[in-house]
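Asks: Here's a structure for you.
The values are calculated or read from the model by the stated rules, or taken from the named source; none is laboratory data. Computed from a predicted model, the values in this text were never measured in an experiment. Heads up, the Cβs are rebuilt from the backbone with ideal geometry, glycines too, and the neighbour counts pull from every protein chain shown. Quick note on the areas: whole protein, heavy atoms, side chains included, nothing else; ligands and nucleic acids left out. Shrake-Rupley method; radii C 1.70, N 1.55, O 1.52, S 1.80 Å.
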Amino acid sequence: QVQLVESGGGLVQDGGSLRLSCAASRSRFSINAMGWYRQAPGKQRELVAGITSGGRTNYADSKGRFTISRDNAKNTVYLQMNNLKPEDTAVYYCFADYQPYNHRYWGQGTRVTVSS
């Protein structure tokens, strides 16, 4: 069964940095897009960033502070978050879209808390 394991969340001060990792389980099917959503308490889930297997990226609204990358050989996607702000506090969820149907699987989420 497909499983996405996230790590790297935690508590940081305003202006600090975190690097999130998400390792997707191996499958006979390849992975197309991978990326991250986040959900803050009382708010809707929102896209943070996505990246295709070819390395093409898209960002929702990181203001240049976030960088997404991936290692296809390891089925792992990363999110480097710099200059974190309290507004970034949320649970961050990794996703991976598996071929051939681009079925989207989700991680359990990793909590990021930024103190002011």
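Asks: Using alpha carbon centroids, what distance separates region 69-105 and region 1-43, in Å?
Replies: Centre-to-centre (Cα) distance: 4 Å.
Asks: So, R0 is 22 Å and r is the distance between the beta-carbons of A73 and D14; what FRET efficiency does that work out to, to 0.05? Numbers along the way, then the final one.
Replies: On the way: r = 35 Å, r/R0 = 1.61.
So, using R0 = 22 Å, E works out to roughly 0.05.
Asks: Using only C-alpha positions, report the orientation-averaged shadow area of the convex hull of the chain, nm², one decimal.
Replies: Working: hull surface 27.3 nm².
Dividing the Cα hull surface by four gives the mean projection, 6.8 nm².
Asks: Oh, and also: For the chain, which whole percent of the accessible surface, found with a 1.4 angstrom probe, sits on carbon and sulfur atoms?
Replies: On the way: 2880 of 6620 Å².
With neighbouring chains kept in place, the figure for the chain is 43 percent.
Asks: Under 13 Å from the Cβ of V5, count the other residues' Cβ atoms, weight Lys and Arg +1, Asp and Glu -1, and hand me the total.
Replies: Numbers: positive: R26, K74; negative: E6.
Summing Lys and Arg as +1 and Asp and Glu as -1 gives +1.
Asks: Within region 77-96, name every residue whose backbone N is under 19 Å away from a label modeled 7 Å from Cα of V5 along the Cβ vector.
Replies: 77-79, 92-96
Asks: If I model a spin label at S115 and R26 as a point 7 Å from the Cα along the Cα→Cβ vector, what separation in nanometres do I get?
Replies: Those two pseudo-labels are separated by 4.2 nm.
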